[in-house]
Amino acid sequence: MLSSFEMRPSRRSLRNEDLFYCKVCRKMAMVTPPPLRLGVNVDHVATLRNARAGMSPDPVRAALVAIEAGADGITAHLREDRRHIRDQDMARLKAEISKPLNFEMAATADMLRISLATKPHAVCLVPERREELTTEGGLDVVGQHNALAPSIAKLNDAGIRVSLFIAADPRQIEMAARLRAPVIEIHTGAWCDAVADGHVDKAEAEWLRIVDGSKLARSAGLEVHAGHGLDYVTAEKIASLPEIVELNIGYYMIGEALFVGLGETVRTMRAAMDRGREHLAGRA
Ligand code: PXP
């Protein structure tokens, strides 16, 4: 049903519901906001596998279990140093999963070649430094717009949905829109770290940046995703933002899966996100 609607995010009803343009009835209609998709990142299943250089645990098997339990898509990051996901994992994910594959990568010539050959549903361009433990900050699209523009254009031309992993910074968001990337993913790491460390003022400031950044991005016509460091609590809270339509979550879920299983973790995360969406619709 939602495919009959086109989002017009700049208009908001009194009940905090977005107004949508109905392509069928050709008028604005008030409906509840779009569902929030869960993309499960399976990188750290591969981290565990690589610790013993064997074949298990298999990230593709994890992806299949996550989908069975309700994941809307699978995310994997092919890093230049191949520290977790490998080329063969990406090829198998594309061949074996029934839901969209989100291919995270640095915007290098080599990665562009591999992603164009893999033809995933989506590519998320991220910054990458070899010495970092994880993706530590957002992509500097303001500083690197000349270098990024050709990659974004090639991926757009190939029909691959491009997203840019950036901080909720107005300058970065405006440049992402100018670069014609259809999607941004807001880096939630600083907010999640502040929440986890109990730094209340910093957490509040980071949260407000995410709230404002999401609104700005939607009003610039961008689809808005979010990810990095999310757990059940932060995922539930961010699900209350109507502009955000996809969360990509990995590390916390793979850790939880050690104790309760991946299927149960996906279902619990889904329930947390649904509770957050219920707050948004004023139904909780
Ligand atoms: N989104 C992007 C773009 C990422 O780079 C990562 C980390 O690989 C994630 C989401 C998931 O972060 P986490 O593993 O902390 O949940």
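Calculation over all alpha carbon pairs of segment 34-283 in 5 angstrom steps from 0 returns a P(r) of 1, 6, 14, 18, 21, 18, 13, 6, 2, 0 percent. When each of 240, 219, 56, 115 is scored by the number of other beta-carbon atoms lying within 10 Å, the sequence from fewest to most is 56, 219, 240, 115. Annotation note: GluC sites (Glu not before Pro) in segment 62-167 located in DSSP loop regions with a Cβ neighbour count of at most 16 within 10 Å are 80, 131, 132, 136. Report the one residue of 216, 235, 39 whose Cα lies farthest in the direction of the positive end of the charge dipole of segment 34-283 (charges on C-beta: Lys and Arg +1, Asp and Glu -1; origin at the Cα centre). Of the listed residues, the answer is 39.
Give the order of 44, 121, 225, 199 when sorted by the count of other beta carbons within 10 angstrom, beginning with the fewest.
Numbers: 44 21, 121 16, 225 25, 199 13.
Ascending number of Cβ neighbours within 10 Å: 199, 121, 44, 225.
Taking the fewest neighbouring Cβ atoms within 10 Å as the starting point, the ordered list for 48, 164, 216 is 48, 216, 164.
We did not get these values from a lab; they are worked out from the coordinates using the rules stated. Remember, it's a predicted structure, so these values are computed and weren't measured experimentally. No Cβ is skipped: glycine too gets one built from the backbone with ideal geometry, and neighbour counts run over all protein chains shown.
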